[in-house]
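*Asks:* Sharing a structure with you now.
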Amino acid sequence: MQGALTGFFTIGAIVAAGVLLAHFRVLGELQRTVLSRLAFLVASPALLFSLVVDADLAHLFSRTLVVSILAIAITAGCYLVAARTLIGPPNARTVIATLGACYTNAGNLGLPIAAAIMGDMTWMAPIMLVQIGLMQPSALAILDTLAARRAGRPLSWHSYPTLPLRNPITVAVLLAVALNLAGVRIPELLMAPVHLVGGVAVPAMLLAFGISLRLDPLPRRGPQLREVGVIVAAKIVLQPLLAWALGVGFGLAPAELLAVTVIAALPAAQNIYVIASRYEVGELLARDSIFVSTVISVPTITLLATLLGG
């Protein structure tokens, strides 16, 4: 369990550094924008390319992935119904909120937790590929479409299939999957700078997140309190419950059941905030949902690991 707590502590320390740097005016609004854009347009594509190009794609056909996908889909559907009833008609902000309700932090938090609780980081590979290759491109395509409409630039029907290809993250992932399937191994000489640039992604995300905590209204003080509550309830309560129930129904082995449940209980991913910043929609909502779900996930995952034998 020490490894899991180390993962939580590392994230908290970098976010706290961002808060302090903003408090002492070392970094400000301009730097937050630069960090967010750097993470979204440059570092994240490099990081995700380096992860996917060597991933074990055989995991994509496992029963555990089916359970995880079903839990994600049902959680997203339940959130959309609840949001329509409690909050109002859907819009671009709803895309960010739905990601917060079901998009798991499988990268910088999920990997150390997988190593500590399940003893194997490869448990995170399938869910990362689904989120990176399917969920995120779909959300980005919707946001691109809505942004074009707001700007008075209606997209022709034949432009919709190419929307994901206009995003650097999606292009990096698709290229990595293609190279992986083709069995191409990139020389370390070429991958070294990719790894180096990709290493900037997580710190940049977390520092931008910390700056936001200092410069923007604190969590729980904004008008989005009810919306954050619905998102966090879906992410930290509903999704792991669904994953556990579906896992039992599919007859998963104890280790598999532990894995899908813990994966579902991970908090909302930090890159949701980067996406929100990139499209300038729902930024405070994304930030608060990530912050609250991360705090609550610590005791939740610890309890699940204890009950399910982690």
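*Asks:* Those residues that are more than 21 Å from Trp244 (Cβ to Cβ), buried (at least 24 other Cβ atoms within 10 Å of the Cβ) and of a type in the set (Val, Ile, Thr), I need them from the range 256-285; list them, please.
*Replies:* Ile272, Val274, Ile275
*Asks:* Which of the following residues is closer than 29 Å to Arg166 by Cβ, part of a helix (DSSP H, G or I), within 20 Å of the chain's Cα centre (by Cα) and among the polar types (S, T, N, Q): Thr6, Thr33?
*Replies:* Thr33
*Asks:* Just to be sure before I move on: is Met124 modelled with pLDDT of 85 or more, within 30 Å of Leu257 (Cα to Cα) and part of a helix (DSSP H, G or I) in the structure I sent?
*Replies:* no
*Asks:* Checking the conditions here, which among Ile96, Ile69, Ile113 is under 15 Å from Ala265 (Cβ atoms) and either part of a helix (DSSP H, G or I) or of a type outside the set (Gly, Ala, Ser) (or both)?
*Replies:* None of the other options fit; the residue is Ile113.
*Asks:* Do any residues in the range 270-289 that are assigned to a helix (DSSP H, G or I) have Cβ atoms under 8 Å from those of residues that are surrounded by fewer than 24 Cβ atoms within 10 Å (Cβ to Cβ) and of a type in the set (S, T, N, Q), where the two are at least six apart or on different chains, and which pairs are they?
*Replies:* Cβ pairs passing all conditions: Ser277/Thr33; Leu284/Gln224; Leu285/Gln224; Asp288/Gln224.
*Asks:* I want to confirm something. Restricting to the range 239-255 and keeping residues that are surrounded by fewer than 21 Cβ atoms within 10 Å (Cβ to Cβ) and part of a helix (DSSP H, G or I), which single residue is modelled with the lowest pLDDT?
*Replies:* Residue satisfying both the conditions and the ranking: Ala255.
*Asks:* Within the range 51-61, can one find any residue that is within 21 Å of Ile272 (Cα to Cα), assigned to a helix (DSSP H, G or I), free of Cβ contacts under 8 Å to residues at least 40 places away in the same chain and among the aliphatic types (A, V, I, L, M)?
*Replies:* no
*Asks:* Further question: Look through the range 51-68, keep the residues that are under 17 Å from the mean Cα position of the chain (by Cα) and under 22 Å from Val171 (Cα atoms), and return whichever of them is surrounded by the most Cβ atoms within 10 Å (Cβ to Cβ).
*Replies:* Val52
*Asks:* Any residue at all in the range 203-219 that is more than 16 Å from the chain's Cα centre (by Cα), assigned to a helix (DSSP H, G or I) and of a type in the set (Asp, Glu)?
*Replies:* No; the residues of the range 203-219 include none that is more than 16 Å from the chain's Cα centre (by Cα), assigned to a helix (DSSP H, G or I) and of a type in the set (Asp, Glu).
*Asks:* Step by step: first the residues of the range 141-170, then only those that are under 30 Å from Val260 (Cβ atoms) and at pLDDT below 85, then the one that is surrounded by the most Cβ atoms within 10 Å (Cβ to Cβ). Which residue is that?
*Replies:* Filtering the range 141-170 for residues that are under 30 Å from Val260 (Cβ atoms) and at pLDDT below 85, the one surrounded by the most Cβ atoms within 10 Å (Cβ to Cβ) comes out as Ile169.
The values are calculated or read from the model by the stated rules, or taken from the named source; none is laboratory data. All figures in this text were calculated on a predicted structure; none of them were measured in a lab. Ideal geometry is used to build each Cβ from the backbone, glycine not excepted, and the neighbour counts take in all protein chains shown.
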